[in-house]
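Participant: Take a look at the following structure, please.
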Amino acid sequence: MRPPRAFEKREFEKRERPQRPEPWLDKTPKASRRTPGDQTRLFINVGSEMGVGPGDVVGAILGETGLPTGTVGMVDIRERHLFVDVAAEHASGIIAKMNRAQIRGRRLKVKVA
């Protein structure tokens, strides 16, 4: 059997911790994800994983519907789906036409988000 260890009282020097900025205290405003009042946000079932870019989405909407470019707002592409803001008065027509369309060989499912 081992003899019991003699524990010494260790003294540690106290140091000041460096001040780090907390991310939740960052006062810079973030870009708003809220859809403007005159627009409607649509969900579409294709995303970046399928090779879809913002130009593909805007081009498909404008090509299928024949609407002017001001009709389409911000495009938020995620891995497997995307959100696009469109003019509220044209939303139902866009949904009807886009549900029959394809982007990059994928059939679309479009609905109001």
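Participant: Just to confirm my filter: which strands (runs of 3 or more DSSP E) fall fully inside segment 24-113 and include at least 3 residues that are under 15 Å from the mean Cα position of the chain (by Cα)? Explain how you work it out, then say what you get.
Facilitator: Numbers: elements: 39-44, 72-77, 82-87, 110-112.
The qualifying strands (runs of 3 or more DSSP E) are 39-44, 72-77, 82-87.
Participant: Show the residue pairs that are 6+ apart or on different chains and have beta-carbon atoms under 9 Å apart, the first residue being within segment 43-61 and free of Cβ contacts under 8 Å to residues at least 40 places away in the same chain, the second being assigned to a loop (DSSP other than H, G, I, E, B) and of a type in the set (D, E).
Facilitator: Every condition considered, the pairs that remain are G47/E79; S48/E79; E49/E79.
Participant: Just to be sure, is E79 among the charged types (D, E, K, R), surrounded by 15 or more Cβ atoms within 10 Å (Cβ to Cβ) and either modelled with pLDDT of 95 or more or closer than 24 Å to R104 by Cβ (or both)? Before the answer, list the steps.
Facilitator: Working: among the charged types (D, E, K, R): yes; surrounded by 15 or more Cβ atoms within 10 Å (Cβ to Cβ): no; either modelled with pLDDT of 95 or more or closer than 24 Å to R104 by Cβ (or both): yes.
In short, no.
The values are calculated or read from the model by the stated rules, or taken from the named source; none is laboratory data. From a predicted model like this one, the values you see are computed outputs, not experimental measurements. Methodologically, a virtual Cβ is constructed for each residue, glycine included, from the backbone with ideal geometry; neighbour enumeration extends over all protein chains shown.
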